[in-house]
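Asker: Before I ask anything, let me first share the structure, which is written out below as structure tokens.
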């Protein structure tokens, strides 16, 4: 269960990254939230067999990671953590979708393989963008930005608490399952039957603990409003950031830039 | 008018399952007093403490902080006046870094910019934790966590300091350091503790709770000399008042 603990501490590091200083960190959170939203929408809106036109979108995470000074390997590892789930979703595509789309000599590539690859690329882009958003902004600031953009306060607070609850839950899981492991002497313990009550206890314990944390927050004057230390306003640089990226994403979505480039190249070198 | 007075009038708390946790508790703690609330496990200490800043609402009775009655509308004001340090610092430290954690209270009070910086730095320096400001709370040791938890309350400049088991889980050195620190504070202080030696050192007045009711309220040294009362409330004299452990042991051996 050490692995769960390590994974959680690793995840907490994302919030710590948001503390550093860079031109990207200094931007108002709303600009970053909006740009991320436009980015994700453009990436997701492509057809299921689209692959080549997605690739230019990698410029966004690359530029953001470079400008914000985020550790690229760390982000890649976080994305890799998600990829098994994506694989599970798309694994049956090659089985069911056998329409041949491309023929390279004897090798026929079916639509299923293309859509699986497209799914992987899209998940990498969107999940990566979300991680970059939190790593350059901090979760509290993201929630605050959502609220200032017009999401009802209740939802924003819920989101913030959900994020905190992950850590509470992981803490309790690691200590409970360690206790179970130690008393099952390297065997399976009572097997599945013991898991039922373990999960039940976990729910109750995390509930109580979450309540204690909430009490501590109330005791320090929390009334459901967010405050972040970074004071920022939506100024000229935010506007440039927002417009620049939005125009690029819309252009990449509307025009087949990689295709045009390819044509240009093949035109020059026939 | 003083904000530093805490008064409970006929306080009663019944939990939803029917357990009577506190019955008819009344006391008045005045400016600058340092008071210990002691009692066996389950005597109602923590429940009583949680009433002082409205974390729990009394079934009957009143809490007064200075001239303010604790009600729903006065709650924000009272929570600013009464700073509460919880027993488990892990429940109290929930932000990504120590700095942000200490800044949480002042930010909620509506402060900003340099004032926040000043308050946080002052509070951390006060508890000797200035060097921990950039660290994440879960990487701290028990003693450091406790000190940061106290700083989170100091930063709110509360007038009254309420602490649940301040010395529990600390090593002897960290415990002594914490006691020196608490001794310096000019606040009105209210502690619950099983560490009766700390109570003897820090608190001039002691209130004994037993099964939810006040059994005694008076000067600490008088109460600790009353062995019959302590035994009736499932308590013992502080170790420092129990005489030499070696002599005691040899006399016990002789008896058996």
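The values are calculated or read from the model by the stated rules, or taken from the named source; none is laboratory data. Just so it is clear, the model here is predicted, and its values are computed rather than measured. As a convention, Cβ positions derive from the backbone with ideal geometry for all residues, glycine included, and neighbour counts pool all protein chains shown.
Asker: When the residues of the stretch B:100-114 are narrowed to those that are part of a loop (DSSP other than H, G, I, E, B) and touching a helix residue (DSSP H, G or I) at 6+ places or on another chain (Cβ under 8 Å), which ends up farthest from the other protein chains (Cβ to nearest Cβ)?
Answerer: First pass over the stretch B:100-114, keeping only residues part of a loop (DSSP other than H, G, I, E, B): B:109-112.
Right, trim to touching a helix residue (DSSP H, G or I) at 6+ places or on another chain (Cβ under 8 Å) and you get B:109, B:111.
Numbers: B:109: 6, B:111: 9 Å.
Ranking the candidates gives B:111 first.
Asker: Moving to a separate point now. Inside the stretch A:1-49, can you point out the residues that are assigned to a loop (DSSP other than H, G, I, E, B) and either away from chain B (no Cβ under 14 Å) or free of Cβ contacts under 8 Å to residues at least 24 places away in the same chain (or both)? First the steps, then the outcome.
Answerer: Applying the first criterion (assigned to a loop (DSSP other than H, G, I, E, B)) to the stretch A:1-49 yields A:1, A:18-22, A:27-28, A:45-49.
Within the stretch A:1-49, A:1, A:21, A:22, A:27, A:28, A:45, A:46, A:47, A:48, A:49 qualify.
Asker: Any residue that is more than 13 Å from residue B:153 (Cα to Cα), in a helix (DSSP H, G or I), within 9 Å of chain A (Cβ to nearest Cβ) and out of contact with any helix residue (DSSP H, G or I) (no Cβ under 9 Å at 6 or more places or on another chain) - is there at least one of those in the stretch B:116-125?
Answerer: no
Asker: Being assigned to a strand (DSSP E or B) and surrounded by fewer than 17 Cβ atoms within 10 Å (Cβ to Cβ) is the filter here, so list the residues in the stretch B:13-51 that pass it.
Answerer: At the first step, the residues of the stretch B:13-51 found to be assigned to a strand (DSSP E or B) are B:13-14, B:20-29, B:34-38.
Across the stretch B:13-51, the qualifying residues are B:14, B:20, B:24, B:26, B:28.
Asker: Now for a separate question. For the stretch A:164-181, indicate whether the set of residues that are closer than 24 Å to residue B:103 by Cβ and touching a strand residue (DSSP E or B) at 6+ places or on another chain (Cβ under 6 Å) is non-empty.
Answerer: Looking only at the stretch A:164-181, we keep the residues that are closer than 24 Å to residue B:103 by Cβ, and these are A:164-168, A:171.
Going one step further and asking which of them are touching a strand residue (DSSP E or B) at 6+ places or on another chain (Cβ under 6 Å), we end up with none.
No, the conditions are met nowhere in the stretch A:164-181.
Asker: Quick one: count up the residues across the stretch A:176-227 that are touching a residue at least 12 places away in the same chain (Cβ under 8 Å), surrounded by fewer than 16 Cβ atoms within 10 Å (Cβ to Cβ) and within 12 Å of chain B (Cβ to nearest Cβ).
Answerer: Residues flagged as touching a residue at least 12 places away in the same chain (Cβ under 8 Å), surrounded by fewer than 16 Cβ atoms within 10 Å (Cβ to Cβ) and within 12 Å of chain B (Cβ to nearest Cβ) within the stretch A:176-227 amount to 2.
Asker: Further question on the same structure: Can you tell me which residues in the stretch A:143-166 are in contact with a helix residue (DSSP H, G or I) (Cβ under 6 Å, 6 or more places away or on another chain) and crowded, with 17+ Cβ neighbours inside 10 Å?
Answerer: Passing the criteria: A:143, A:145, A:146, A:147, A:156, A:160.
Asker: Within the stretch B:131-143, take every residue that is assigned to a helix (DSSP H, G or I) and either modelled with pLDDT under 90 or within 12 Å of chain A (Cβ to nearest Cβ) (or both) and give me the one that is surrounded by the fewest Cβ atoms within 10 Å (Cβ to Cβ). Quick ask: steps written out before the conclusion?
Answerer: The initial filter retains those residues of the stretch B:131-143 that are assigned to a helix (DSSP H, G or I), namely B:131-132, B:137-139, B:142-143.
Then drop every residue that is not either modelled with pLDDT under 90 or within 12 Å of chain A (Cβ to nearest Cβ) (or both), which leaves B:137-139, B:142-143.
On the way: B:137: 23, B:138: 16, B:139: 12, B:142: 14, B:143: 19.
Out of the qualifying residues, it is B:139.
Asker: Which of the numbered conditions does residue B:54 fail, given that it passes all the others? Conditions: (1) buried (at least 18 other Cβ atoms within 10 Å of the Cβ); (2) in contact with a helix residue (DSSP H, G or I) (Cβ under 7 Å, 6 or more places away or on another chain); (3) more than 10 Å from chain A (Cβ to nearest Cβ).
Answerer: (3)
Asker: Here is a further query. Yes or no: the stretch B:65-87 includes at least one residue that is within 12 Å of chain A (Cβ to nearest Cβ), assigned to a helix (DSSP H, G or I), touching a strand residue (DSSP E or B) at 6+ places or on another chain (Cβ under 7 Å) and over 19 Å from residue B:11 (Cα atoms).
Answerer: Yes, because at least one residue in the stretch B:65-87 is within 12 Å of chain A (Cβ to nearest Cβ), assigned to a helix (DSSP H, G or I), touching a strand residue (DSSP E or B) at 6+ places or on another chain (Cβ under 7 Å) and over 19 Å from residue B:11 (Cα atoms).
Asker: Go through the stretch B:88-99 and give me each residue that's more than 7 Å from chain A (Cβ to nearest Cβ) and either at pLDDT 90 or above or assigned to a helix (DSSP H, G or I) (or both).
Answerer: Going residue by residue through the stretch B:88-99, those that are more than 7 Å from chain A (Cβ to nearest Cβ) are B:88-90, B:93, B:95, B:98-99.
Once the filter is applied, which keeps residues that are more than 7 Å from chain A (Cβ to nearest Cβ) and either at pLDDT 90 or above or assigned to a helix (DSSP H, G or I) (or both), the stretch B:88-99 yields B:89, B:90, B:98, B:99.
Asker: Follow-up. Does any residue of the stretch B:26-35 turn out to be without any contact (Cβ under 8 Å) to a residue 60 or more places away in the chain and touching a helix residue (DSSP H, G or I) at 6+ places or on another chain (Cβ under 6 Å)? It would help to see each step written out before you state the result.
Answerer: In the first step, residues of the stretch B:26-35 are kept if they are without any contact (Cβ under 8 Å) to a residue 60 or more places away in the chain; the result is B:28.
Narrowing further to those that are touching a helix residue (DSSP H, G or I) at 6+ places or on another chain (Cβ under 6 Å): none.
No, there is no match, as no residue in the stretch B:26-35 is without any contact (Cβ under 8 Å) to a residue 60 or more places away in the chain and touching a helix residue (DSSP H, G or I) at 6+ places or on another chain (Cβ under 6 Å).
Asker: Something else about it: Based on this model, can you work out whether residue B:147 counts as part of a helix (DSSP H, G or I) and within 14 Å of chain A (Cβ to nearest Cβ)?
Answerer: Working: part of a helix (DSSP H, G or I): yes; within 14 Å of chain A (Cβ to nearest Cβ): no.
For residue B:147, the condition - part of a helix (DSSP H, G or I) and within 14 Å of chain A (Cβ to nearest Cβ) - is not met.
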